[in-house]
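To start, the structure itself, in structure tokens.
The values are calculated or read from the model by the stated rules, or taken from the named source; none is laboratory data. The shown structure was predicted, so the numbers you read here are calculated from the model rather than taken from an experiment. Cβ: placed from backbone, ideal geometry, glycine included. Neighbour counts: every protein chain shown.
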């Protein structure tokens, strides 16, 4: 029996369609929001300990690290919402064809990039 499977599969050469990228990005942003929530809860808990710890938490959030985390959190949240709305429309029976599915995935990613830029400008 001759096996027809690849021996050395180079994953960097595989080109995935926009729909696959959009779906993977939706899952990644869900996990990212989970970890961002841990950061938010820890900073919140620190801020409730005393007046000094509140000032420390305030400085942490207003610093470069806090701004990067805030932009990352808003980026994850915004794509997860956009991707979730796209999936809900697809669950209703729309954008299921190959062409419309690819177009909706590219449009969702484009809208997300615009929202991330706007969030970055707003926070910074």
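Some values worked out for this structure:
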{"item": "Filter result (more than 16 Å from residue 70 (Cβ to Cβ) and assigned to a loop (DSSP other than H, G, I, E, B)) within segment 87-124", "result": "92, 93, 94, 95, 96, 97"}
{"item": "Matching option when the condition is at pLDDT 95 or above and touching a helix residue (DSSP H, G or I) at 6+ places or on another chain (Cβ under 6 Å), among 105, 18, 70, 45", "result": "105"}
{"item": "Boolean, residue 98 is over 19 Å from residue 116 (Cβ atoms) and in contact with a helix residue (DSSP H, G or I) (Cβ under 9 Å, 6 or more places away or on another chain)", "result": "yes"}
{"item": "Pairs where the first residue, in segment 68-92, is under 14 Å from residue 122 (Cβ atoms) and the second is crowded, with 20+ Cβ neighbours inside 10 Å and at pLDDT 95 or above, C-beta under 8 Å, 6+ apart", "result": "75/29; 75/112; 77/29; 78/112"}
{"item": "Residues (modelled with pLDDT of 95 or more and buried (at least 18 other Cβ atoms within 10 Å of the Cβ)) located in segment 84-100", "result": "86"}
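Okay, residues lined up against (1) assigned to a loop (DSSP other than H, G, I, E, B); (2) surrounded by 13 or more Cβ atoms within 10 Å (Cβ to Cβ):
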residue	(1), (2)
38	no, no
49	yes, no
55	no, no
73	no, yes
82	no, yes
